[in-house]
1. I want to confirm something. Restricting to the range 104-152 and keeping residues that are closer than 25 Å to E177 by Cα, crowded, with 17+ Cβ neighbours inside 10 Å and among the small types (G, A, S), which single residue is nearest to the chain's Cα centre (by Cα)?
2. For the range 96-139, what are the residues that are in contact with a His (Cβ under 8 Å, 6 or more places away or on another chain) and of a type in the set (G, A, S)?
3. Looking at P175 and the list (1) surrounded by fewer than 17 Cβ atoms within 10 Å (Cβ to Cβ); (2) in the same structural domain as D13 (by TED's automatic domain parsing); (3) under 15 Å from F12 (Cα atoms); (4) in contact with a Phe, Trp or Tyr (Cβ under 9 Å, 6 or more places away or on another chain), which single condition is not satisfied?
4. Which residues, taken from the range 121-154, are modelled with pLDDT under 95 and under 22 Å from L55 (Cα atoms)?
5. Checking Y82 against (1) of a type outside the set (S, T, N, Q); (2) surrounded by fewer than 16 Cβ atoms within 10 Å (Cβ to Cβ); (3) touching a residue at least 12 places away in the same chain (Cβ under 8 Å): exactly one of these is not met. Which one?
6. How do the helices (runs of 4 or more DSSP H) wholly within the range 1-67 filter down when requiring 1 or more residues that are surrounded by fewer than 15 Cβ atoms within 10 Å (Cβ to Cβ) and not polar (S, T, N, Q): which remain?
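The values are calculated or read from the model by the stated rules, or taken from the named source; none is laboratory data. These numbers come from a predicted model, not from an experiment. Note: ideal-geometry Cβ built from the backbone for every residue, glycine included; neighbour counts use all protein chains shown.
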Amino acid sequence: MSAHLAIRALLFDMDGLLLNSEDIYVQAYVELSQQMGCPHPAEVFRQFIGVSSPLTVRTLVQDYGFPCTPEELNQKQRQLYYDLLERLQPEPFPGARETMEAGRRLGLKLGLVTSTTARTVDITIRSIAPHLWPQHDAAGWRKHFHTVATADRVERVKPAPDLYQLAIREVGLQPQE
């Protein structure tokens, strides 16, 4: 006899699941490389999708000739990414809103789990919030999630399970739920 396990929560990733932020990150790096006089095509930056920011900027400075420190590159890229979000006003992927609504209707707890920092998550989700929750103020987006697990809250980010374990604890469930 098998035990019946009921799903009681949905945990959403942000980059690449709720929205196509990877292309915006890549665009920010392409524009920044041009501004800094060391232009590189998008393919150079696509190889860093899913790689932590510290490792990405360190590699770009050491191996691709960016004329600054990794910290400066990270700061400049983040600001350009934020500017692009404001300028582009991206939409969430098709089905994101409907999946969240279905989860709420079913009484599931919703969590956001991302290897991005809380500040970047806030700015990114605010940019798509009008599409996800049109009747609500974008600044209040956190109320739509029972937990938001971000990189600055754990020691290790994905692929380590720390972010997911944090989210599961905060919604008061077990991993199999």
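1. Here the residue is S115.
2. Listed by number, the residues that qualify are G111, A129.
3. (2)
4. If the condition is that a residue be modelled with pLDDT under 95 and under 22 Å from L55 (Cα atoms), then A151, D152 are the ones that fit.
5. Unmet for Y82, out of (1) of a type outside the set (S, T, N, Q); (2) surrounded by fewer than 16 Cβ atoms within 10 Å (Cβ to Cβ); (3) touching a residue at least 12 places away in the same chain (Cβ under 8 Å): (2).
6. Because the criterion is at least 1 residues that are surrounded by fewer than 15 Cβ atoms within 10 Å (Cβ to Cβ) and not polar (S, T, N, Q), the helices (runs of 4 or more DSSP H) in the range 1-67 that meet it are 42-46, 53-64.
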